[in-house]
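Trainee: What follows is a structure written as structure tokens; I'll ask about it next.
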Amino acid sequence: MENQIFELQYAMDTFYFLICGALVMWMAAGFTMLEAGLVRSKNTTEILTKNVALYAISCIMYLVCGYMIMYDGAFMLSGIAGGDALVASALAASAEEGFDGGSVYADASDFFFQVVFVATAMSIVSGAVAERMKLWSFLGFAVIMTGFIYPMEGSWTWNGADVFGMYNLGDLGFSDFAGSGIVHMAGAAAAISGVLLLGARKGKYGKDGSIRAIPGANLPMAALGTFILWMGWFGFNGGSVLKLGDIASSNAVAMVFLNTNAAAAGGLIAALILARIMFGKADLTMALNGALAGLVAITAEPSTPSPMLATIFGALGGVLVVLSILTLDKLKLDDPVGAISVHGTCGFLGLMLVPLTNDASTFSGQLIGALTIFIWVFVTSGIVWYVIKLIMGLRVSEQEEAEGVDLSECGMEAYPEFVTQ
Amino acid sequence: MKLVTAIIKPFKLDDVREALSDIGVQGITVTEVKGFGRQKGHTELYRGAEYVVDFLPKVKLEVAIASAMLDQTLEAITKAANTGKIGDGKIFVTELSQIIRIRTGETGEEAV
């Protein structure tokens, strides 16, 4: 009887993990729609291609070597198995952990849940470099980012490995529940180094220093993308509890869902109101970025804040993201979708908010962890971007940019009826 | 015969069409156009940065009429398209030397 209960718990936790992974996978659709909505129509096909291709590359590269580097697994996941072979060992592990102990679930579900996080980190980069980067240069970077750069910092954090044998982030009091820093800020760090080497879109900044708006082509799509991300985030944060199969874990999962939702709502409202005060109009794109900023800010610790605190944390993200977007524009760091502000600035905010509600973490640990992740990803990404720039170039030609990368990179337009016939 | 060309605000199109029908105008040609007059477009805001919309969407009406109808037609368009605010548009009147109804071959005022 006891074994049967353990088997049921195993089934429930594995099922929960898989469903949450599928929700996170769907965030790729959210990023795709958000980015496609915020670029100009002449660059739509290319941004869609980038997003579907980067997702597939992330899945393959994490399978080939990413998971091995991050969690001491085996090359090409060899040894991972299903079926009867695992029943005895899973039951033994469950008996050792006890019913309310650590989660025991299928190894394959662990890989599936982890791999979709890599894709999320990579998705962040594509929006920031949109409308001007060469497709294949970007995809080349995706191979290194998902196969090496992300797994290395992931091993120092979620796998508890020492940073090049020097220090251990866990011992210093670093805590990042679902990846404000490990996933989101890491993606933003890679994006910043890419944008620095790539430059701004032509026409974004005038010679006199003026900042010109380049409005996105399809705001309904951007709004849909935001809602898809919002929904997928329940898997991102909810799944990171890792276990559902006992009352305490279920309560934690419910709290995480509640707080994640509250933070997004707080972020959206704060950004919307701030935009109204600063610009005189209710800027939808800022409101959408605000919701995502709230989500990123709560991701580092969605289980310990009260619902009111979670809403406030989200609202802080919503305010910060608007200010960050305006500041980056002043610095002439052109980010068409606001990805660096949403995931980088607010990812850092999320990390620094953790010690307010989680006694197991420290401000110094959070700061060292954030710096470690940022410097590692920023520097290694910069090297990779630079090598790609030397070999094949990062940027399309001026004429290709003016005509739109849809034609030069993909040879097809997203909305052909608008111009032909 | 006269050709009356009117540039009006798009949302006033229905009112103008109705007013012209009421005075017996038989046909109108409508084109969606863009342009600016003395107000020179306007600025919009996107993510905190301003951008100028130089050419505003307008509707161009073309109406061919008998010369006797001119005053009535101008009055109908002016009344129906007027909001009193900047950007109401303009009316141009030109001489029309010939009209031909393609189906029947009628010409001149019979073809209006």
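Trainee: Out of all the residues in the stretch A:273-284, which are out of contact with any Lys or Arg (no Cβ under 9 Å at 6 or more places or on another chain) and within 14 Å of chain B (Cβ to nearest Cβ)? Reasoning before the result, please.
Mentor: In the first step, residues of the stretch A:273-284 are kept if they are out of contact with any Lys or Arg (no Cβ under 9 Å at 6 or more places or on another chain); the result is A:273-274, A:276-278, A:280-281, A:284.
Answer for the stretch A:273-284, where residues must be out of contact with any Lys or Arg (no Cβ under 9 Å at 6 or more places or on another chain) and within 14 Å of chain B (Cβ to nearest Cβ): A:L274, A:R276, A:I277, A:M278, A:G280, A:K281, A:L284.
Trainee: On the basis of being more than 14 Å from every other protein chain (Cβ to nearest Cβ) and out of contact with any Ser or Thr (no Cβ under 9 Å at 6 or more places or on another chain), does A:N237 make the cut?
Mentor: The answer is no for A:N237.
Trainee: Let me ask another. Quick check, is A:L139 surrounded by fewer than 24 Cβ atoms within 10 Å (Cβ to Cβ) and within 19 Å of A:K389 (Cα to Cα)?
Mentor: Yes; evaluated as a whole, the condition is true for this residue.
Trainee: Here's a follow-up. Being at positive phi, under 25 Å from the mean Cα position of the chain (by Cα) and not basic (K, R) is true for just one of A:L34, A:L77, A:L63, A:L54. Which residue is that?
Mentor: A:L77
Trainee: Taking the stretch A:380-414, which residues are in contact (Cβ under 8 Å) with a residue 24 or more places away in the chain and among the aliphatic types (A, V, I, L, M)?
Mentor: Those that are in contact (Cβ under 8 Å) with a residue 24 or more places away in the chain and among the aliphatic types (A, V, I, L, M): A:V384, A:I388, A:M392, A:L394, A:V396, A:A402, A:V405, A:L407, A:M412, A:A414.
Trainee: Checking A:L229 against (1) in contact (Cβ under 8 Å) with a residue 24 or more places away in the chain; (2) among the hydrophobic types (A, V, I, L, M, F, W, C); (3) within 14 Å of another protein chain (Cβ to nearest Cβ), which test does it fail?
Mentor: (3)
Trainee: Can you give me the number of residues within the stretch A:87-113 that are among the aliphatic types (A, V, I, L, M) and surrounded by fewer than 16 Cβ atoms within 10 Å (Cβ to Cβ)?
Mentor: 4
Trainee: What are the pairs with Cβ atoms under 9 angstrom where one residue, in the stretch B:1-23, is more than 23 Å from B:I86 (Cβ to Cβ) and the other, located anywhere, is of a type in the set (D, E, K, R)? Sequence gap at least six, or different chains.
Mentor: B:M1/B:E95; B:M1/B:E109; B:K2/B:E95; B:L3/B:E62; B:L3/B:E95; B:I23/B:E75
Trainee: Of the residues A:T357, A:T345, which single one is of a type in the set (S, T, Y), closer than 29 Å to A:M70 by Cβ, surrounded by fewer than 18 Cβ atoms within 10 Å (Cβ to Cβ) and in contact with a Ser or Thr (Cβ under 9 Å, 6 or more places away or on another chain)?
Mentor: A:T357
Trainee: Still on this structure, please answer the following. Among the residues of the stretch A:166-184, write down those that are crowded, with 24+ Cβ neighbours inside 10 Å and either part of a helix (DSSP H, G or I) or out of contact with any helix residue (DSSP H, G or I) (no Cβ under 9 Å at 6 or more places or on another chain) (or both).
Mentor: A:S180, A:G181, A:I182, A:V183, A:H184
Trainee: Of all residues in the stretch B:29-66, which are of a type in the set (S, T, N, Q) and at pLDDT 95 or above?
Mentor: In the first step, residues of the stretch B:29-66 are kept if they are of a type in the set (S, T, N, Q); the result is B:29, B:31, B:39, B:43.
Scanning the stretch B:29-66 gives B:T29, B:T31.
Trainee: In addition: Counting only residues that are of a type outside the set (F, W, Y) and more than 24 Å from the chain's Cα centre (by Cα), give me the helices (runs of 4 or more DSSP H) lying completely in the stretch A:81-165 with at least 1 of them.
Mentor: Output list reads A:87-97.
Trainee: Tell me the residue from A:L34, A:L63, A:L23, A:L48 that is in contact with a helix residue (DSSP H, G or I) (Cβ under 8 Å, 6 or more places away or on another chain), in contact (Cβ under 8 Å) with a residue 40 or more places away in the chain, buried (at least 23 other Cβ atoms within 10 Å of the Cβ) and part of a helix (DSSP H, G or I), please.
Mentor: Sole residue among the options that is in contact with a helix residue (DSSP H, G or I) (Cβ under 8 Å, 6 or more places away or on another chain), in contact (Cβ under 8 Å) with a residue 40 or more places away in the chain, buried (at least 23 other Cβ atoms within 10 Å of the Cβ) and part of a helix (DSSP H, G or I): A:L34.
Trainee: Suppose we filter A:A270, A:A297, A:A262, A:A287 for residues that are within 14 Å of chain B (Cβ to nearest Cβ) and at pLDDT 95 or above; which single one remains?
Mentor: Selected residue: A:A287, the only one of A:A270, A:A297, A:A262, A:A287 that is within 14 Å of chain B (Cβ to nearest Cβ) and at pLDDT 95 or above.
The values are calculated or read from the model by the stated rules, or taken from the named source; none is laboratory data. Because the structure is a prediction, the values reported are computed rather than measured. Using ideal geometry, Cβ is built from the backbone for each residue, glycine included, and neighbour counts are taken over all protein chains shown.
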